[in-house]
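Everything below concerns the one structure shown next.
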Amino acid sequence: MRVVNIEEFTFRCERCGAPLEVSPETIIAVCPYCGFPNHISGNIKTKNIYIVPSLDKNAIAQAFWKRVEGDFDLRRIKEDIQVVGIEGHYTPYWAGRVHVEGTVKYMKREQECHTDSKGNTHCHTVVRHYTERVNENLSLIGSARRQLTSSPP
């Protein structure tokens, strides 16, 4: 039986060497010490990823108090507000663009109403079929908890 040293499996920051917290789904691990985005796994490179810089707790607190000063209701109770803690969450996401081109066929159930000569209204459902050409670019945002491949489906 081979004894495995846990240090063999510790991911370390490429910039400062600090240990990184990773899970099996981690794609980018941001170093808690120096803030460097470390590419952990998969077929993408860090240079292709836009990382939004994070703020330190003091900057976040200043932004909060600025918001309080700018808000009529919060400004009135400013003296009663106490910041107990500041917490942030890293949320990775994919942003992409998809070009869609083709023909779409669909049906719609629509209500039609007619008034007869006696003033009575009669309604019934009509099914109509439509065909439209589609040629547009769609912007998409999705959770980056899983990696995408560049090959077509």
Open item on the list: Please compute the length gained on full extension between Ile141 and Asp56, using 0.36 nm multiplied by the number of residues separating them and subtracting their Cα-Cα distance.
Closed with: 28.0 nm
Task: For segment 112-124, 3J(HN,Hα) per residue [Karplus equation, 6.51 cos²θ - 1.76 cosθ + 1.60, θ = phi - 60°, Hz, x = Gly/Pro] - done: 10, 10, 10, 9, 7, 5, 8, x, 7, 9, 10, 10, 8
Open item on the list: I'd like the Karplus ³J(HN,Hα) series for segment 131-139: coefficients 6.51, -1.76, 1.60, θ = phi - 60°, whole numbers in Hz, and an x wherever there's a Gly or Pro.
Closed with: 9, 9, 8, 10, 8, 8, 9, 10, 8
Task: Under 5 Å, built H, 5+ apart or other chain: amide partners of Trp94 - done: Gly142, Ser143, Ala144
Task: Phi-based couplings in Hz for segment 91-100 (Karplus 6.51, -1.76, 1.60; Gly and Pro marked x) - done: 10, x, 8, 9, 10, x, 10, 10, 9, 10
Open item on the list: For a quick check of your reading of the filter: which GluC sites (Glu not before Pro) in segment 76-131 sit in a DSSP loop and have no more than 12 other Cβ atoms within 10 Å?
Closed with: Glu87
- [ ] Show the residues, 5+ positions off or on another chain, whose built amide H is closer than 5 Å to the amide H of Asn38.
- [x] Ala29, Val30, Cys31
Open item on the list: Straight-line reach only, C-alpha to C-alpha below 18 angstrom: list the aspartates and glutamates that Lys108 could link to, leaving out same-chain residues fewer than 8 apart.
Closed with: Glu132
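Every number here is computed from the coordinates shown, using simple stated rules; none is lab data. Just so we're clear, the structure is a prediction, and the values are computed from it rather than from any experiment. Every residue, glycine among them, receives a Cβ derived from its backbone with ideal geometry; neighbour counts consider all protein chains shown.
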